[in-house]
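To start, the structure itself, in structure tokens.
The values are calculated or read from the model by the stated rules, or taken from the named source; none is laboratory data. Here the structure is a predicted model, which is why all the values come from computation and not from measurement. A quick note on method: Cβ atoms are made from the backbone with ideal geometry, for glycine too, and the neighbour counts reach across all protein chains shown. The protein model used for the area step is the full one, side chains on, heavy atoms only, and it has no ligands, DNA or RNA in it. Shrake-Rupley method; radii C 1.70, N 1.55, O 1.52, S 1.80 Å.
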Amino acid sequence: MKNYDEKTINELELTAVKIRKHIIEMLYRAKSGHPGGSLSAVDAIVALYFAKMKHNPKKPDDPNRDRFILSKGHAAPALYSILAESGYFPVDELKKLREADCMLQGHPVCYCTPGVEASTGSLGHGLSFANGVALAGKLDNKKYHVYCMMGDGETGEGQVWEAAAVASHYKLDNITAMIDRNFLQIDGNTEDVLRLESVYRRWRSFGWHAIEINGHDIKQILTALDEAADHKNQPSMIILNTVKGKGVSFMENNVDFHGVPPNEMERNLAIKELTLLEKKLEAAL
Amino acid sequence: MSKKTMVNPRNAYGKALIELGKKHKNLVVLDADLSKSTKTIMFAKEYPNRFFEMGIAEANMISTAAGLASCGKIPFVSTFAVFATGRVYDQIRMDVAYSKANVKIFATHGGISVGKDGASHQMIEDLALMRVLPNMTVIAPSDATQTGQIVHLMAEKVGPMYARVGRADAPLIYHKDDLKDIKIGEGMIVKDGSDLSIISCGTMVEPTIEARSTLKKQGIKARIIDMHTIKPIDKKLVMKCAKETGAIITAEEHSIIGGLGAAVAEILADENISCKLIRMGIKDIFCESGDPATLLEKYELNEKHIVKNAKKLVKN
Ligand SMILES: Cc1ncc(C[n+]2csc(CCOP(=O)(O)OP(=O)(O)O)c2C)c(N)n1
Ligand SMILES: [Mg+2]
């Protein structure tokens, strides 16, 4: 297993803060969108695009690329800003999120934005799509790996469990799925809305290799991604224990920021907090 | 121009549910993690025992509602229009329509005025999907007052029903007294006119009334029909409009395929009535993210375009 040095980790943490700042600015400008679930998903997606996945922003259609499918499409601002910072399109485009005639739709669309693999926004589809990509990879003897991120509330959809069964049945070890386990959906806490209890045991019982980690700890994320990629004959599930709204104090664990953007005061406060963190990380670098 | 009173039809739905909950002890409500948006939360607070939070699992919710209905409950089921129809079509087909179950599907966030969430969330096929199902009644109320009345009628009448409203606040068109005689399946002549008839439903009714004033100043007399029930459609009224005005515009926040415009066209064809027709709606494309007013202009679904089409139709 690979060992990640402090500098690599530190740089990724810094990137994650930068992405969080983008998210706040984008949603503030668009006056709509989903801060909570975008912020909680950032660290894992940053680790994927900036350290783990084989991908080339200049060749988004490379048949051998690793794929990331954002099943929880409402976290589009996280994906878009990471794609922009990776070089798939100019960072300036982020300003136009959710505007008419713009490549950045409210929810991801595969042909609108370079780097977006699947059109999502209706929850519950992504893992099935990922299975299709993984099955094609096996058929074509390709070495690429398929990643998919879902929300915890999203796993209420029956389709997720149909997909879970298929990935396990076909031993799709070229899939690593992740659940953003932030314990919140829209109507409240996941355990009050529709009890999930042990996400870990559920996926284990469906024949998956399950790993549970702190979803904001870059080192743990990278280590888990390596373990998952090396695991044979089973698909892997990484349960990311996260905080909805992570990085902005008043958004953290606050269900009201699921689908409500920051107003001007909130945006200023959020940017201030994130800039402070950014400075601290830069100093440590 | 007088200032319009804006009321959200979703609030009218929530309020009607509370009234109905008091009246009908067998009325139950189900939602799929969107109760704050659909306003079923208002009922949930009042009658927590008769509210079932079903989580993000719409297909399961529909079939569960059918089971509840089979035991004499009156289930109202709510989520966004995309998830209330397309996501669960087979469950509705088997367990609700085919089974003639007394399930009331009340969807919010229909049409493109949903805006910035984008085409994934802008449902423009629901009226078509529901209309094609035997036994299904399909309704699109036009303002908050009518929504409240319709929800009451839905509860009183037995059978599978689908109703949809938009996301946005909507100008009030009616006072409660205007709707004393409202019936599911009967269109309303809101304003009379002899040059053409504008038949619309849901969010499009109010812009057609605005368009009528503009047309009037230009010497064109438009009849305004609020066709809140798309199925069973008020065939008699459509035929009357065709014969008396000889020109019809239909307007809906929906695909031009399969919805209100299609229903009107079918009547004209079936009855062999010669009548000019323009169907306004989304022209067989997925739209995009954007501010609702910008989208309605870009996709030609506002007062301005109704006026333009009316002039075209009357001039020819
Ligand atoms: C099929 C479907 N049903 C409902 C919705 C509306 N919706 C959008 S986000 C959301 C809650 C998602 O919760 P979760 O999966 O936990 O995501 P996160 O907490 O990461 O934002 C819901 C119900 C949807 N997009 N798709
Ligand atoms: Mg969640």
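Below is a table of values for the structure above.
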{"read-out": "Reachable lysines from residue A:96, criterion Cα separation under 20 angstrom, eight or more residues apart if same chain", "value": "A:18, A:21, A:31, B:116, B:298"}
{"read-out": "FRET efficiency, 1/(1 + (r/R0)^6) with R0 41 Å, evaluated for residue A:250 and residue A:227 via beta carbons", "value": "0.70"}
{"read-out": "Segment B:115-148-segment B:254-316 distance, computed between alpha-carbon centres (Å)", "value": "16 Å"}
{"read-out": "Cβ-Cβ FRET estimate between residue A:214 and residue B:46, R0 fixed at 45 Å, reported to 0.05", "value": "0.65"}
{"read-out": "Antiparallel bridges, percent of DSSP beta bridges restricted to segment B:163-316 (to nearest 5)", "value": "15 percent"}
{"read-out": "Relative compactness, segment B:11-54, computed as alpha-carbon Rg over 2.2 N^0.38 Å", "value": "0.99"}
{"read-out": "Share, in percent, of DSSP beta bridges within segment A:181-263 that are antiparallel, nearest 5", "value": "10 percent"}
{"read-out": "Per-residue ³J(HN,Hα) for segment B:166-180, Karplus 6.51 cos²θ - 1.76 cosθ + 1.60, θ = phi - 60°, Hz, x for Gly and Pro", "value": "x, 8, 7, 4, 10, x, 6, 9, 10, 9, 3, 5, 5, 10, 4"}
{"read-out": "Packing-based ranking, highest mean first, of A:159-169, B:117-127 given that Cβ atoms within 10 Å are counted", "value": "B:117-127, A:159-169"}
{"read-out": "Per residue Cα convex hull volume in Å³ - calculated over the protein assembly as shown", "value": "161 Å³"}
{"read-out": "Cβ crowding within 10 Å averaged over residues, with B:94-106, B:288-300 ranked highest first", "value": "B:94-106, B:288-300"}
{"read-out": "Against the rule of thumb 2.2 N^0.38 Å, how large the Cα Rg of segment A:143-202 comes out", "value": "1.22"}
{"read-out": "Label-zone membership for segment B:151-174, site residue B:22, 7 angstrom Cα→C-beta point, backbone N under 15 Å", "value": "B:152"}
{"read-out": "Three-way shape label, segment A:139-285, alpha-carbon gyration tensor, a/c 1.5", "value": "oblate"}
{"read-out": "Reference-scaled alpha-carbon Rg (2.2 N^0.38 Å with N residues) for segment A:210-285", "value": "1.44"}
{"read-out": "Span from the segment A:56-92 Cα centroid across to the segment B:41-102 one, whole angstrom", "value": "37 Å"}
{"read-out": "All-pairs Cα distance distribution in segment B:6-171, expressed in whole percent, bin size 10 Å", "value": "12, 45, 37, 6, 0"}
{"read-out": "Qualifying aspartates and glutamates (Cα of each under 17 Å from Cα of residue A:143; at least 8 residues distant if same chain)", "value": "A:61, A:62, A:66, A:173, A:226, A:227, A:230"}
{"read-out": "Virtual spin-label span in nm between residue B:158 and residue A:111, 7 Å along Cα→Cβ", "value": "4.8 nm"}
{"read-out": "Within straight-line cross-link reach of residue B:315, lysines at Cα separation under 17 Å, skipping those fewer than 8 residues along the same chain", "value": "B:216, B:217, B:221, B:276, B:304"}
{"read-out": "Segment B:185-315 - Rg and Dmax from Cα coordinates, angstrom", "value": "13.7, 41"}
{"read-out": "Shielding by other protein chains, B:286-292, mean Cβ within 10 Å", "value": "6"}
{"read-out": "Chain lengthening between residue B:70 and residue B:308 when straightened (0.36 nm per residue, less Cα-Cα)", "value": "80.7 nm"}
{"read-out": "Within segment A:14-104, trypsin sites (Lys or Arg not before Pro) in DSSP loop having at most 10 other beta-carbon neighbours inside 10 Å", "value": "A:58"}
{"read-out": "The protein assembly as shown: antiparallel DSSP beta bridges as a percent of all, rounded to 5", "value": "10 percent"}
{"read-out": "Total accessible area lost when A and B pair, probe 1.4 Å, Å² to nearest 100", "value": "2000 Å²"}
{"read-out": "Heavy-atom accessible area order for B:201, B:71, largest first, 1.4 Å probe", "value": "B:71, B:201"}
{"read-out": "Positive-pole candidate from A:49, A:145, A:257, dipole of chain A, charges at beta carbon", "value": "A:145"}
{"read-out": "Semi-axis lengths (Å, descending) of the ellipsoid that matches the C-alpha gyration tensor of chain A", "value": "27, 21, 19"}
{"read-out": "Which of B:112, B:65, A:76, positive extreme of dipole for the protein assembly as shown (C-beta unit charges)", "value": "B:112"}
{"read-out": "Per residue accessible area in Å² of segment A:6-284, where ligands, DNA and RNA are left out and the probe is 1.4 Å", "value": "39 Å²"}
{"read-out": "Ellipticity estimate at 222 nm from DSSP helix runs (n ≥ 4, -39,500 (n - 2.57)) divided over chain A, nearest 500", "value": "-13500 deg cm²/dmol"}
{"read-out": "Distance between segment B:191-236 and segment A:1-49 - C-alpha centres, whole angstrom", "value": "51 Å"}
{"read-out": "For residues of A:190-196, the mean tally of beta carbons on other chains within 10 Å", "value": "3"}
{"read-out": "Separation of the residue B:266 and residue A:192 label points, Cα + 7 Å toward Cβ, nm", "value": "4.5 nm"}
{"read-out": "Candidates A:48, A:39, A:70: whichever shows maximal mean-square fluctuation once chain A is modelled as a Gaussian network with Cα springs under 10 Å", "value": "A:48"}
{"read-out": "Trypsin sites (Lys or Arg not before Pro) within segment A:162-221: DSSP coil, no more than 11 neighbouring Cβ in 10 Å", "value": "A:195"}
{"read-out": "Highest-fluctuation residue, B:38, B:137, B:214 considered, GNM on chain B with Cα pairs under 10 Å", "value": "B:214"}
{"read-out": "Choice from B:160, B:232, B:141 showing the highest fluctuation, given a GNM over chain B with Cα pairs closer than 10 Å", "value": "B:232"}
